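Take a look at the structure set out below.
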Amino acid sequence: TVVVTATRREELLKDVPLAISALTSDDIKQYRIRSFNDVVQRVPGLRLAPTKGDTFTQIYIRGQTQNNQSVGLDTPVAFFQDDLYYGTTASYVADFYDTSQIAVLKGPQGTTFGRNVDGGAIQVTSAKPEMGVNETYVNATVENYSGAEVWGYVNRQLSDTLAARISVVSRN
């Protein structure tokens, strides 16, 4: 079962009356999703177009985008990381290494998210600390000519009412 929070509450994906493509934390690990480019390969109707070199990327959902990059204009596809709105992808460095869910909501989302979200929204949810779980996870990849990657997390229950989670990533 996939639980989504696209309508600001937890619901099963099959009960949400929206066009949503969701990637769970297991999907993110299995398919090694680390950036927007990896998400595009798994979500139909989502496209990226680099503009201004690698510093800015336009996100298209169902063809909706904004090519005018004036400061006062919102893009029709909004991006949210843990309910924090990012006006452009230039202000966000995507690194989905400890993410519990990536949801791509298609179509107008202005009622739920505001900000003129006409084309849709990408909602990324970070992994949260879990009560009753004392776990350490480390993943290391070394490749012959392209470098190394190490990432992991530590989740600890500190008391009966408090848990903490720390995540680290390093790429070379």
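The values are calculated or read from the model by the stated rules, or taken from the named source; none is laboratory data. What you see is a predicted model, and the numbers here were worked out from it, not measured in a lab. Reconstructed Cβ throughout: ideal geometry from the backbone, glycine too, with neighbour counts over all protein chains shown. Protein only, heavy atoms only, side chains kept; ligands, DNA and RNA dropped before computing areas. Shrake-Rupley method; radii C 1.70, N 1.55, O 1.52, S 1.80 Å.
Before moving on, here are some points about what is shown:
- For the pair segment 104-158 and segment 25-40, the centres of their Cα atoms are 9 angstrom apart.
- Looking at segment 97-172, the accessible area is 57 square angstrom per residue; that uses a 1.4 Å probe and ignores ligands, DNA and RNA.
- Efficiency of FRET between LEU162 and LEU48 - r from beta-carbon atoms, R0 30 angstrom, step 0.05: 0.15
- Per-residue extension of 0.36 nm, minus the Cα-Cα distance of SER126 and SER25, leaves a gain of 35.4 nm for this segment.
- Computed accessible area, ASP95, all protein chains, 1.4 angstrom probe, square angstrom: 50 Å²
- Fully extended contour minus Cα-Cα distance, from LEU12 to ALA140, at 0.36 nm per residue: 42.8 nm
- Percent accessible area from carbon and sulfur atoms, segment 1-47, protein chains only, probe 1.4 Å: 46 percent
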